[in-house]
Each structure stands twice: as structure tokens, then as C-alpha cells.
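Below is one structure, written out as C-alpha cells, with a few remarks after it.
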Amino acid sequence: MLATQTNVTRKIRVLIADDHDMVVAGLSSIIGMQVDMEVVAQANNGREAVDLFLQVNPDVVLLDLRMPQLDGVGVLNEIRAKNASVRAVILTTFDSELDIYRAIKAGAKAYLLKDARRDELLDCIRKVNAGEACLSQALVKKLADGISSESMTERELEVLARLARGMSNKEIGTALYISEFTVKGHLRNIFTKLGVVSRTEAVTAACKRGLVQLN
């Protein structure tokens, strides 16, 4: 007589990392209501996320991009150094070309904005767990646009960061130990790469692309 076998579907084990308690609670509630998922750990900062991942070895990690102690990209880099097969979903409010590029380069399998629909989030978790990538067409286009544009040199980024602080050419030159003439040359290159014609437009475009952050 053959024994009867009961098919039991293994739940997708999810780790949530976000420094906002309300976000963690909301995500935990949504995921906890799914018959094929369960939340196995919650982290409130990047360092805790790395430690918990190594402890519980979840199937999928939901990562906020900006967190205390270690950001989402930093978390991914540290985890991948120990477990290259990590399956992570970046869930954030930031969608600049640079943010998307850094996350994908670090090994994120998906990139979602926090205003995504509930079914979109759940579908993404399932796809990533199955080894698939999950990136909306809008974000793919934004990423492609960012990659296709000329990249800034390290020196140009330094000049751009100081430009965003409202520093004059002379002040930038003094801070970077270069001549005012050299600063003007870097600014011409920056304007060309960003497709702008003024300092204000350069700062605005750089902020949108995530090249600089205004405090």
C-alpha cells in the first residue's frame, strides 16, 4: 500500500530592512497575509540587516536604499561578499539614474518605489524568489538614459558638489587646490555632459540624477 503524500509549499522567507517603523509594520502585515510568504526578520538599519541576513538566511531581502549606519547598496555589497546568491529587492522613494544604477550594480534583482501597488510588490517578491529580475519599464528607461549619458570624472563630481553648495569659482579652486581657470574648464565639461547652460540648471539636473544631494 502506497503512503499518501501531502504537497506542502515552502513559504518564501522574507527579511525587511527599513528605518521607518510604520513602513516595516505595513510591509510585515501585507506579507504576513500571503499563504506563500512569511517575514522571518526585521531590521531598522543597514548594519542590523547584514547581521540578520547572515543569521536567518532569508530567500528574499526587502531593502530601503537610505538607512542609518549602512545604506542599501552597502548592505548588498557586504552580504554578496559572503553570499553571492542573495536575492534583494530595493524598495525606496528615490529613483535617480545613479541610485538605480548603484543598486543594480551592487546585485539588486529588483527596484521598486514605495508607492508601488500591493500586488506589484508581492508579484516582484515572487519573481525575485524564482530567480527573475523585476524592473519597471519606466525605471529601465531612466537607467538606460543615465548610462548612455557621459559620466562625470571624479574631479568634475568634486567641482559639482561644491557648486551645489553655492561656492564661487574662486572658492571651488581654493578648496580643490586648482586654478580658477581650471574650475571654469571643468564647469564647461559639466554643463555639456548635463545638457545645461547655467550653474542653477547644472545643480538642478545633478540633483535629479542623484549626482549631488542638497542638505
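The values are calculated or read from the model by the stated rules, or taken from the named source; none is laboratory data. Keep in mind that this is a model prediction, so the values were computed, not measured. Backbone-built Cβ (ideal geometry, glycine too); neighbour counts: all protein chains shown.
So that you can scan it fast, the table gives a plain yes or no per residue for (1) under 20 Å from the mean Cα position of the chain (by Cα); (2) surrounded by 14 or more Cβ atoms within 10 Å (Cβ to Cβ):
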| site | (1), (2) |
| --- | --- |
| Ala175 | no, yes |
| His186 | no, yes |
| Phe191 | no, yes |
| Gly195 | no, no |
| Ala202 | no, yes |
| Arg209 | yes, yes |
| Gln213 | yes, no |
Which of (1) buried (at least 16 other Cβ atoms within 10 Å of the Cβ); (2) in contact with a Leu (Cβ under 9 Å, 6 or more places away or on another chain) does Ala116 not meet, given it meets every other one? (1)
Using the structure shown, decide if Asn189 is in contact with an Asp or Glu (Cβ under 7 Å, 6 or more places away or on another chain) and within 13 Å of Arg155 (Cβ to Cβ). yes
Among (1) touching a Cys at 6+ places or on another chain (Cβ under 7 Å); (2) surrounded by fewer than 18 Cβ atoms within 10 Å (Cβ to Cβ) - the single one Arg66 does not satisfy: (1)
Among the numbered criteria (1) more than 30 Å from Gly195 (Cα to Cα); (2) out of contact with any Cys (no Cβ under 6 Å at 6 or more places or on another chain); (3) surrounded by fewer than 19 Cβ atoms within 10 Å (Cβ to Cβ); (4) at pLDDT 90 or above, which one does Lys127 miss? (2)
Looking only at region 69-105, count how many residues are surrounded by fewer than 16 Cβ atoms within 10 Å (Cβ to Cβ) and within 20 Å of Cys207 (Cβ to Cβ). 1
Test set (1) modelled with pLDDT of 95 or more; (2) over 26 Å from Asp123 (Cβ atoms); (3) not polar (S, T, N, Q) - Pro68 fails condition number: (1)
Could you list, in sequence order, the residues of region 194-213 that are among the aliphatic types (A, V, I, L, M) and not in a helix (DSSP H, G or I)? Val196, Val197, Leu211, Val212
Here the qualifying pairs (Cβ atoms under 7 Å; residues six or more apart or on different chains; first in region 108-122 and farther than 14 Å from Thr92 by Cα; second part of a loop (DSSP other than H, G, I, E, B) and of a type in the set (S, T, N, Q)) come out as Leu122/Gln34
